[in-house]
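The values are calculated or read from the model by the stated rules, or taken from the named source; none is laboratory data. Fair warning: this is a prediction, and the values are worked out from it, not measured in the lab. Note that we place each Cβ from the backbone using ideal geometry, even for glycine, and neighbour counts take in every protein chain shown.
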Amino acid sequence: MLKPNEDLMESRGITGERKALLEDVYADMDALLRRPEMFSDSPKNAVEVCRRLESQMQRLWGFPQDPNWFRYEFEIKGCTCPAVDNGEFVGTPYRYFNLECPIHNGEEW
């Protein structure tokens, strides 16, 4: 199960309600990654939900709002985009997309 980094929470002073909210967002992200069809009505919507959750994570962590640091959409079940290559691009505006990916090509479920 996807969980926030406990050491990072401690070092950033994240406690109480903010910690609980962060844990909830990670639980939602985990559920979306494992069963996207249960939490969205299309692959395109699953990516949008994933990006919203990542934005919430950044805000709760106290990091700048920056989509260049998003990474989870390539972990959505069924995604066939090159995960390693996209992992190396985290922090940049670049991403590789597989044109036949059932998640990123916009095809409906």
Residue hits (the range 8-50; basic (Lys, Arg), under 14 Å from residue 79 (Cβ atoms) and modelled with pLDDT of 95 or more) are 34, 35
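So which of 70, 63 is aromatic (Phe, Trp, Tyr), at negative phi and surrounded by 13 or more Cβ atoms within 10 Å (Cβ to Cβ)? Reasoning before the result, please.
Working: 63 fails: surrounded by 13 or more Cβ atoms within 10 Å (Cβ to Cβ).
Residue meeting the stated conditions: 70.
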Within the range 21-63, the residues that are over 19 Å from residue 8 (Cβ atoms), part of a helix (DSSP H, G or I) and polar (S, T, N, Q) are 45
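Of the residues that sit in the range 1-21 and are among the basic types (Lys, Arg) and in contact (Cβ under 8 Å) with a residue 40 or more places away in the chain, which one is farthest from residue 60 (Cα to Cα)?
Top of the filtered list is 12.
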Among the residues of the range 74-84, which ones are over 19 Å from residue 22 (Cβ atoms) and either in a helix (DSSP H, G or I) or within 13 Å of the chain's Cα centre (by Cα) (or both)?
-> 74, 76, 77, 79, 83, 84
Scanning the range 81-108 for residues that are surrounded by fewer than 13 Cβ atoms within 10 Å (Cβ to Cβ) and within 15 Å of residue 37 (Cα to Cα), the one modelled with the highest pLDDT turns out to be 106
Considering the range 85-104, residues that are charged (D, E, K, R) and in a loop (DSSP other than H, G, I, E, B), and then whichever is nearest to residue 49 (Cα to Cα), we arrive at 95
What is the number of the single condition among (1) in contact (Cβ under 8 Å) with a residue 12 or more places away in the chain; (2) in contact with a helix residue (DSSP H, G or I) (Cβ under 7 Å, 6 or more places away or on another chain); (3) not charged (D, E, K, R) that residue 55 does not meet?
-> (2)
